[in-house]
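The values are calculated or read from the model by the stated rules, or taken from the named source; none is laboratory data. Worth saying up front: this structure is predicted, and the values here are computed from it rather than measured. FYI the Cβ positions are ideal-geometry reconstructions off the backbone, even for glycines, and counts take in every protein chain you see. Each accessible area value is taken on the protein alone, full model and side chains, heavy atoms only, with ligands, DNA and RNA left out. Shrake-Rupley method; radii C 1.70, N 1.55, O 1.52, S 1.80 Å.
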Amino acid sequence: MAALRWGRGAADLSRALRSSGPPCNTAKEGILGGLWSPRRNSSASPCEQERRKDWGHVELLEVLEARVRQLQAESVSEVTVKRVEVAQVSADSGRAGGTLPPVKAKLRISGAWGRKLDQDQQMLQKQQKLLQEKLQAKGQFLVPEFKLRAMAELPLSEPQLVSEQLASEKGRTERLAEKPEEWDPFQLSVAPLNLSWSKPQGPLNLEQQARQQRFQAFFECCLATEQVTLAHHMLVRKHFSKSKHWWITQAMYNTVMLGWAREGSYKELLSVLRMMKYNGFTPDLLSYASILQCMGRVDQDVTIIQRCLEQMAQDGVQLEQLFYEETLSNEERAAMLRAVLKAKPDFRLPQPSPQVNTSPLLREVYSKDGPVSYPRLHLPLKTLQAMFQQQLSVELASIVHVESVEKTLSPTQETLEARKTLAALHTTWESELHSQLQKAKAHLAKVTSYGHPTLYPFLCTVPEDELVQMLLQFLHTMPAFVYVVHRLAMQTFQRHIVQQRRCRGQLLALEQRYMQYLQLLASDTQVAEPCLPRQHWETLGPPEPAPPQVWPLMELLSLGKLLLEILVQSVQLPPSLALPQSSSQPVPVLYHVYTFRGIRQIGFLRPHPAFIQLLDDAAEPLMIFEATDMPMLCPPLPWASSQSGGFLLSPTKLMRSVDGSLQHQNLLDSWPPTELHGALDTLTQLGNCAWRVNGRVLDLVLEIFRNKGCARLGVPPPASEAPRPPLEDLPPNASPHRKAELRQEVASCLKIAREMHGLRREALYRLAQHLRHQVFWLPHNMDFRGRSYPCPPHFNHLGSDLARALLEFAEGRPLGPHGLDWLKIHLINLTGVKKRESLRVRLAFANTVMDDILDSADQPMTGRKWWMEAEDPWQTLACCMEVAGAVRSPDPAAYVSHLPIHQDGSCNGLQHYAALGRDSVGAASVNLMASDKPQDVYSGVAAQVEVFRTQDAKQGLKVAQVLEGFISRKVVKQTVMTVVYGVTLYGGRLQIEKRLRELSDFPQVFVWEASRYLVRLVFKSLQEIFSSTRTIQHWLTESARLIAQAGSAVEWVTPLGIPIIQPYHRESKLVLRGGLQSITWNSSVDPTRKPNTMKQKNGFPPNFIHSLDSCHMMLTALHCYRKGLTFVSVHDCFWTHACDVPIMNQVCREQFIRLHSQPILEDLSAFLVRRFCSADRAELGTDTRQLLETLLSVPQKGDFDLQQVKSSTYFFS
C-alpha cells in the first residue's frame, strides 16, 4: 500500500507541474486555438482516456482497500483480496509528462458483505467523471516556480508547490518537481467546470467584500513590486481552495495577467486565463489588453493574434477601446499596438472627437462663437519650465524642509553638542530601523510563502531608506495613536504611487506633455486656437494611467500599526542621556500611554523627557512638511477626469471623502465624463490662479511673532508666556473642594500651554517665509456636495484673517477708473462698520478716515493703530497699505494692485431658498430686489421676534418680560444663519444660550428658559418672513426621511451634472487587536450599512442648498475666465482684482438668474422618482407609494421675478 500511495502522490505532483495538453494537435492551430474554439465534445483523446482510466484504477483501489479494512474490523464474513501489484513509475516518465502504465488488479469478493461492497463500487463509479474533471483541471494550469523578492540575507524557503499536501511529498518526489517542459493548451474547453463547489447565494456581506478588496490590493502590490510569481502562487492557492475560490474576482485574474504581460511571460498568462475561464468569467477589456500586450512583447505568430482579435470582436470588445483604457501606460499601449499592427497593418489609432458638455447652463462656456479672452499667466515659458522642474523635484523627494522663523542666535557650544548627539542618534536609529524592517519582511515573506496573504508586498512598495526617513519624521509630532497609524499608512501609499510613476517611466512622458501644455499658459507663447486648459491637455495625448485605489482600511491600519510598532521598538536613548534614576539599559524614546476624552479611552505616544530636552537644546532650524501639504511651485495639472489632476505625481482626489469610503469615487468613475466637465474646468481654473506672499504684512507678523506674539491679533505667543500653575503646597488638611480646584487650575494651565505650543509650531508664516519671493499655486478639489477647497491645508485663502492677509495675487492689474473706489469700499467692509449703509456712504466714510488709513499703513505698531479695531485686522492693514500706495501714486488709475477684492453674498443660503420658491417677501429680505440700502435679514428677524415677545409680555409671560431690551441682531444672527443649513431647535437653543451668557447684565438664572423660548420665536419669525423657504425645507426633509426608511441613501444630480450621494449610514466598527494597542475605527460612511435616517433627513436641505451655491460659483468662475478675469472664491464670497469688480458682479447676477431659471425642484423630483420609485404604481408597496406621492408634490412657487436680481446692488457686495 505504500507503493500505491507513492504512485498516487507522484502522479498528482506530476500533473500539477508537467505539461497537460495532448500531443496530437498541430502547431498551426496556435496557442489560443483551444481557448477560443467552439465548445468541443467532452470526450478526450486516446492518450488522455488511457490516463484517466489509470487514474480511475488508482483512486478506486485505494478506496476499496480502505473499505476492506473497515469491513474486516466489523467482523463480517471473511474475504480474500489478492495482492495488488502497482508498476513503478520511472523518473523520466514523471518529468516528461508520460502516463502511468496500466494497473492490473484482480479482486475476488465473496460473502454477504461483498454485495455491499459492489453497491459502494457502483456509487464510486458514478462520481468518477466528476473526479476526473477535477484532476484534469489541476493538471492543466501552469504553476511557475517563484521566489520572493526579499533581501539576500533573508532565510526564505522556496515555496514553489501549490498545496501543503504536495509540499509534504517533496522529499520523496524531487525528481518530479523540476521546471515543466513546454506545453500545449489545445485541450482546454471554453466551458467552465461544473464543480460541486458553490458560491454564496445573494450579495456578499461586508466581511466578504472586505476580503475581496484585501486580496485585490495584495495582487496589485505584488505587481507594483514585480513579484508576479508570488501573485500567481497566491491566485492558484485560492483558485483550488474549496472554501475560498469564490473570493476571486475577475479583476484579480486580470491583475495577475497584466503582471505576466508586462514581463512577456506568455505561457503563464495563458495559465491564468484558463483559470479565469474555468471559474466562469469571460475575458473583458482588461483581459484582452493584457493578452495583446504580451503578444506584442513576445512577437507572437500573426495567426494567433488574428484569432484573438476575432474572438475579441465576438465578445463585444472593440479594439479601439483598448487604447483608451486609463490603467495602461504609454509603453503598454505601444506593445499592444505592435501586436495589432502585425495582424492589421492598416490599423490606425482613431483620434477621439472632443466631447462637449451639452448642459444648457454651460452652452455659452463651451461655445466657439463670440469673443473669448482666456487669461494667461504673467510668466514666460522658460520660467514656467524651470518651476515645473522644481516642483517635480519636491514631489519626488516627498518632503520639504522649511526654515524656522524663531529668533535665532549664534549657536552655543551646548547647542552644537546637542545637534551632534542628535545626529549620532539618528544614524543609530536608521541602522536599527533597517534591521527591524528586514526582520519584519523576512517573517512576513515566510508566512506568505505558505499561501497566506500578508503585508509583505505592501512593505516592499516603498524603498527601505525612504520608509526609515518617513518613520523618523514622526518622532517630532506624536498625536493620538490611531491618527499616527493612519497617517503613516497614507504617507506610505502616497510614496508608493510616486514610486510607481517613477518606475513605470511616466516622468518623461509627463514632462514632455506638460511642456506642451505650458504653451497655453505662458505669457510669451501662442496657440492655434484658444481653449480651456483641460481641452488643450486632452489634445496632447491619451489619458494618463489612473492611480490604483487606496488600499483597504484594514490593510492601511495594519500597515501603519506595524510601522509604528517598529519605530517604537527601534528608537531608544542610551542610558547616559536618560534621567539619573534610569537603569543601565537603553531607554525607549516613545512611551505608549492612555488618557480619557469624555468616556472614551484614547491611546497616545509620548516622547521621553530626555528626548524633548535634547530637541530643545539642539534647536534645529528646519521643519519638515509633506510635499502634498505645501502649495505648488508650478501650475497644477488640469483636471481631466475624476482621477487625473492637481499635483504632478502625488495622488489627488477630485472629490474628497472620509477615509475608507469609496462610494463617491465609484460614483464619479461610473458617471459620463462629459457631465463632469463643468466641475473639472472650474477646479482647474481656480487652481491656475497664481499667488504670492504679501511681504510687508509678513515682516510685521514676524516682528510680533519674535516679540512674544499677540493672541488678540492671532499671532501665538511662545509657551513661555503660558500661565503657570500655582506652586503653593496644599496643607494636609486641605478640603476636597480646594484640591479639586487646584487640579482644575493645573489642568487648565497645561492645556493652554499645549495649545500655545501647537499653535506656535504650526504658525502659518513659517510657510509664508518659505514662500517669500516665490510664485505658487493652490490646486483645488471639491467635497461631496460640489463645494471647492484648496488641497494644501496649512496656507490658503480659506484660512484665518492672518492667512488671507498674507496672500495676494501674483499678477497685478492697474486699478483703472473705478478700482480705487472699490479698494476703499472693500476696506470699510473689512472693518465691519457701516454694514447697513449704502456703498456711497461707505466710500464717503473711507475718505473721512483717510488719515487713519494712512497712519495705519505707515506706522502700524507705533501709530494710532486704527486697523487693530477692525473685525478682520490683518486684512484691514493689508488694504490700508494698498490704498496708501494707490493714493500716493502719480496716477492712481495706473497703480498696479495685487490685492483681492471680496464680494460677499447676503445670507446666500436664504437667497437660494427665496429664488427656488419665488418668494417676494423673502427675496426682499436677502437683497434679491433692488434697494437703496442693504437689507439686513438678521435685524428683520430680530424685529419680528421682538413683536412676538411684546405680545407674550402683555399676556403676563414671565420669560418674555425678562427678555425686554435684550433681543438684538447679535443674539439671533447665528441661529438665523444656520437654520437654512439644517440647525435644529436643540442646536439653535445652544447658540442663543451662548449669546445670552455673553450679556453681563442679563439675569443668568433665566438663560436656559430664555434660550428655549427665543429659539421657538426665531423659527416662528422665519416662518412668517420666509414661508416658501420653510415649505421647501420641509419637502426636502420629508422626502429624505422616506428614502432613508426605504433603505437607500439620498442621491441627486446638481444642475451642472455632478452626482451627489449623502454618506450617512449607521455606524460600523473595524477592530484591529493586538500589538501596542487595539484599534477601533468607527465609520459612518460604509454603504453596505443601512442609512442613518436622522442624518439623511437633516442633511438633505443644507447639502442640497450647498450644491446649488457651488453651481452658482462654478458658473461665475467659468464665465469670468472666458472674459479674462482672475477669479477665486471662498464658497459664497467671490474675489477678483479691483478693476474687474463691476464685470464680476454682472456675471455673478446673470448666472444666478440662469441657474434658477432652470426647473430645479421639478428636475430633482423627476430624478428621485426615477431613482427610488421606478416600478409601476400598482406594484409599489405602501411605503413606496407614500414616497412617490411626496416626491410628486413639489412646493408651489410665488410670483417673484428673477430678473430683478440684475438691478440689486447688494445681492453680492
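The table below lists the values:
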| quantity | calculated |
| --- | --- |
| Test for GLN769: is it of a type in the set (S, T, N, Q) and either in a loop (DSSP other than H, G, I, E, B) or modelled with pLDDT of 90 or more (or both) | no |
| When residues of segment 271-280 are limited to those that are within 22 Å of GLY316 (Cα to Cα) and in contact (Cβ under 8 Å) with a residue 40 or more places away in the chain, the one surrounded by the most Cβ atoms within 10 Å (Cβ to Cβ) | VAL272 |
| Filter pass, LEU564 being surrounded by fewer than 20 Cβ atoms within 10 Å (Cβ to Cβ), in contact (Cβ under 8 Å) with a residue 12 or more places away in the chain and more than 17 Å from the chain's Cα centre (by Cα) | no |
| Enumeration of residues in segment 975-999 that are more than 20 Å from GLN1033 (Cα to Cα) and either touching a His at 6+ places or on another chain (Cβ under 9 Å) or among the aliphatic types (A, V, I, L, M) (or both) | LEU990, ILE992, LEU996, LEU999 |
| Of all residues making up segment 1065-1081, the number that are on the phi < 0 side of the Ramachandran plot, small (Gly, Ala, Ser) and not in a strand (DSSP E or B) | 1 |
| Any chance ILE992 is in contact with a Pro (Cβ under 7 Å, 6 or more places away or on another chain) and open to solvent by less than 10 Å² (accessible area, probe 1.4 Å) | no |
| Wholly enclosed helices (runs of 4 or more DSSP H) of segment 792-910 bearing at least 1 residues within 41 Å of the chain's Cα centre (by Cα) and on the phi > 0 side of the Ramachandran plot | none |
| Matching option when the condition is over 26 Å from ASP852 (Cβ atoms), modelled with pLDDT under 95 and touching a helix residue (DSSP H, G or I) at 6+ places or on another chain (Cβ under 8 Å), among HIS818, HIS794 | HIS794 |
| Cβ pairs under 7 Å, 6+ apart, first in segment 611-623 and assigned to a loop (DSSP other than H, G, I, E, B), second open to solvent by 40 Å² or more (accessible area, probe 1.4 Å) | PRO621/GLU403; PRO621/THR408 |
| Any hit, segment 945-966, residues being of a type outside the set (D, E, K, R), within 48 Å of the chain's Cα centre (by Cα), surrounded by 14 or more Cβ atoms within 10 Å (Cβ to Cβ) and not in a helix (DSSP H, G or I) | yes |
| Qualifying positions in segment 234-270 - outside any helix (DSSP H, G or I), open to solvent by 10 Å² or more (accessible area, probe 1.4 Å) and either among the charged types (D, E, K, R) or under 23 Å from GLU207 (Cβ atoms) (or both) | PHE240, SER241, LYS242, SER243, LYS244, THR249 |
| Single match in ALA231, ALA210 (criterion: among the hydrophobic types (A, V, I, L, M, F, W, C) and either in the same structural domain as GLN549 (by the TED database) or modelled with pLDDT under 85 (or both)) | ALA210 |
| All positions within segment 1134-1163 that are touching a strand residue (DSSP E or B) at 6+ places or on another chain (Cβ under 6 Å), open to solvent by less than 10 Å² (accessible area, probe 1.4 Å) and of a type in the set (A, V, I, L, M, F, W, C) | PHE1134, TRP1135, ALA1138, VAL1141, MET1144, CYS1148 |
| Residue in segment 521-533 that is farther than 26 Å from ALA679 by Cα and in contact with a helix residue (DSSP H, G or I) (Cβ under 7 Å, 6 or more places away or on another chain) present | yes |
| Those residues of segment 338-358 which are in contact with a helix residue (DSSP H, G or I) (Cβ under 8 Å, 6 or more places away or on another chain), at pLDDT 85 or above and either surrounded by fewer than 18 Cβ atoms within 10 Å (Cβ to Cβ) or charged (D, E, K, R) (or both), in sequence order | ARG338, LYS342, LYS344, PHE347 |
| Residue within segment 372-391 that is of a type in the set (Phe, Trp, Tyr) and assigned by the TED database to the domain that holds PRO548 present | yes |
| Checklist (1) at pLDDT below 95; (2) crowded, with 19+ Cβ neighbours inside 10 Å; (3) among the aliphatic types (A, V, I, L, M); (4) under 30 Å from GLN665 (Cβ atoms) applied to LEU778, failing item | (1) |
| Every residue from segment 958-984 that is more than 26 Å from GLN935 (Cβ to Cβ) and of a type in the set (A, V, I, L, M, F, W, C) | VAL959, ALA960, VAL962 |
| Residue ranges of helices (runs of 4 or more DSSP H) in segment 394-476 with at least 1 members under 24 Å from ALA619 (Cα atoms) | 413-449, 464-473 |
| Out of GLU268, GLU325, sole residue that is farther than 30 Å from SER353 by Cβ, touching a helix residue (DSSP H, G or I) at 6+ places or on another chain (Cβ under 6 Å), among the acidic types (Asp, Glu) and touching a residue at least 24 places away in the same chain (Cβ under 8 Å) | GLU268 |
| Residue check for TRP1035: open to solvent by 40 Å² or more (accessible area, probe 1.4 Å), over 20 Å from ASN666 (Cα atoms), in contact (Cβ under 8 Å) with a residue 60 or more places away in the chain and among the aromatic types (Phe, Trp, Tyr) | no |
| Which listed residue, of ASP936, ASP872, is open to solvent by 20 Å² or more (accessible area, probe 1.4 Å), closer than 28 Å to TYR981 by Cα, touching a Leu at 6+ places or on another chain (Cβ under 6 Å) and of a type in the set (Asp, Glu) | ASP872 |
| Residues satisfying the stated conditions in segment 906-933, i.e. open to solvent by less than 10 Å² (accessible area, probe 1.4 Å) and of a type in the set (Ser, Thr, Tyr) | TYR913 |
| Residue identified as closer than 30 Å to GLN293 by Cα and open to solvent by 30 Å² or more (accessible area, probe 1.4 Å) among GLU430, GLU331 | GLU331 |
| Enumeration of residues in segment 618-628 that are charged (D, E, K, R) and modelled with pLDDT of 85 or more | GLU626 |
| Flag for LEU1042 being modelled with pLDDT of 85 or more and under 22 Å from SER1193 (Cα atoms) | yes |
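Per-residue answers, yes or no, for (1) under 30 Å from LYS420 (Cβ atoms); (2) surrounded by fewer than 18 Cβ atoms within 10 Å (Cβ to Cβ):
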| site | (1), (2) |
| --- | --- |
| ARG597 | no, yes |
| PRO609 | yes, yes |
| LEU614 | yes, no |
| GLU626 | yes, no |
| LEU633 | no, no |
